[in-house]
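Visitor: Structure provided below as structure tokens; questions to follow.
The values are calculated or read from the model by the stated rules, or taken from the named source; none is laboratory data. These figures come from a predicted structure and were not determined experimentally. Neighbour counts are summed over all protein chains in view; Cβ atoms, including those assigned to glycine, are modelled from backbone coordinates with ideal geometry.
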Amino acid sequence: MKKLLLVFCFLFFGGITAFAQRWAYVDSEYILKHIPEYTSSQKQLDALSQQWQKEVDNRLGEIDRLYKAYQADQVLLTDDMRKRRENEIIEKEKAAKEYQRIKFGFEGELYQQRIKLIKPIQDRVAKAVEAVAEAGQLDMIFDKSGDVILLYASLRLDKSNDVITRLGYKPGTLAK
């Protein structure tokens, strides 16, 4: 009987604590689709991406044609001519891969354009989410569009300093 009462009290107080925090969620994809600037920016990025991809495909197609021509002529070529053509193909392949890296690679031109066009819109959405949270006295807002992401959290829920104190350190001072 004591165990049953203890479990009931635990569940009751745990439930009260859970209801004390107010949570909400948003669907950022849905929100962004309703912002005309985002849609036009996304179309602009898609057009750039397609243009650059065509250029990459053209370069790779030229390399493929050179390689097939080399294979067809290989028997007739001297060693010096063969090495020269092989080096030409290798250099063109390196240049095509470098171009692809510059345009599509990590922090490449497409990434830079995305930051330039999309980041200001995302910042506006983040400020709006924060305003909605504060107006509705919400403690947390999650994004359900992809992976669960915490978009907003009330500062009063941050217990980082309490953990630092519990570990025996003084909050607000960083180790040097």
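Visitor: Which ones in the stretch 133-145 are surrounded by 13 or more Cβ atoms within 10 Å (Cβ to Cβ) and either free of Cβ contacts under 8 Å to residues at least 24 places away in the same chain or not in a helix (DSSP H, G or I) (or both)?
Guide: L138, D139, M140, I141, F142, D143, K144, S145 - these are the residues of the stretch 133-145 that are surrounded by 13 or more Cβ atoms within 10 Å (Cβ to Cβ) and either free of Cβ contacts under 8 Å to residues at least 24 places away in the same chain or not in a helix (DSSP H, G or I) (or both).
Visitor: Looking at (1) within 24 Å of Q42 (Cβ to Cβ); (2) surrounded by 14 or more Cβ atoms within 10 Å (Cβ to Cβ), which is the one condition that is false for K97?
Guide: In the conditions (1) within 24 Å of Q42 (Cβ to Cβ); (2) surrounded by 14 or more Cβ atoms within 10 Å (Cβ to Cβ), K97 misses (1) alone.
Visitor: Go through the stretch 101-139 and report how many residues are hydroxyl-bearing (S, T, Y) and under 13 Å from S28 (Cα atoms).
Guide: Adding up the residues that qualify gives 0.
Visitor: Within the group L138, L110, L77, L151, which residue is in contact with a Phe, Trp or Tyr (Cβ under 9 Å, 6 or more places away or on another chain), more than 30 Å from I35 (Cα to Cα) and among the aliphatic types (A, V, I, L, M)?
Guide: L77
Visitor: Which of the residues belonging to the stretch 43-80 are surrounded by 12 or more Cβ atoms within 10 Å (Cβ to Cβ), modelled with pLDDT under 95 and among the charged types (D, E, K, R)?
Guide: If the condition is that a residue be surrounded by 12 or more Cβ atoms within 10 Å (Cβ to Cβ), modelled with pLDDT under 95 and among the charged types (D, E, K, R), then D73 is the only one that fits.
Visitor: Further question on the same structure: Of the conditions (1) in a helix (DSSP H, G or I); (2) loosely packed, with under 14 Cβ neighbours inside 10 Å, R85 satisfies every one except a single condition; which number is it?
Guide: Every condition holds for R85 apart from (2).
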